[in-house]
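Take a look at the structure below.
The values are calculated or read from the model by the stated rules, or taken from the named source; none is laboratory data. These numbers come from a predicted model, not from an experiment. Because the Cβ atoms are built from the backbone with ideal geometry, glycine has one as well, and the counts that use them run over all protein chains shown.
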Amino acid sequence: MSAVHVRSLLVPSLLLALTAACATQDTAPSASAAAPGGGAASVRDDVSAPDVVKIAVGSADHTTLVTALKAADLVDVMSATGPYTVFAPTNAAFDALPAGTVDGLLKPEKKSDLSRILQHHVTTSALSLDFFEDGQEIGMVDGTRAKITHRDGATYIDDAKVIASVRASNGWVHVIDKVVLPKS
């Protein structure tokens, strides 16, 4: 058999094998599959960078925040495209509030108060820690302002110290050591 004849048989055979392999295998990872319940937060996505809610859900230090987001019906909103910068109080920050405060805010009749407090922890831009300047005031989603200060090499929002920062697919999560309450 000549080399030309072998090549003329080999090329179509390889193309057929590749076509069959592509037709029977899904070579791209599944980006998402809807979970029961609907809404952006219910989409399972093991491929992309996590959004601000998934970062909080994945943190053992933010279970109270996640519970509050659920009680205020803000999970789907915060899972959306954004961009958002979230100042995320730790469980210890919520625990430092006066006794009964968190339990009271989680009651259905306090949903609007809880929502306002949570919205005071969010601004609608993706702002890294390097963006903030000493004395700067930033507008929060609740319509009020919060003040940024730099002390002893740390960044603060009002009186809450930023202790960590995590980039999210829809913004930034800056972990803080206190709950920041809007000024009345």
- Query: Is segment 70-79 home to any residue that is free of Cβ contacts under 8 Å to residues at least 12 places away in the same chain, closer than 21 Å to Lys183 by Cα, exposed (fewer than 15 other Cβ atoms within 10 Å of the Cβ) and among the charged types (D, E, K, R)?
  - Reply: no
- Task: Would you check if there is a residue in segment 173-184 being modelled with pLDDT under 95 and either closer than 23 Å to Thr67 by Cβ or crowded, with 19+ Cβ neighbours inside 10 Å (or both)?
- Result: yes
- Note on the structure: Output for Cβ contacts, cut-off 7 Å, separation at least six or different chains, first residue farther than 20 Å from Gly82 by Cβ in segment 101-124, second of a type in the set (Phe, Trp, Tyr) and part of a helix (DSSP H, G or I), reads Val102/Phe94
- In the set Val166, Val86, Val102, the lone residue that is within 26 Å of Lys54 (Cβ to Cβ), surrounded by 19 or more Cβ atoms within 10 Å (Cβ to Cβ) and not hydroxyl-bearing (Ser, Thr, Tyr) is Val86
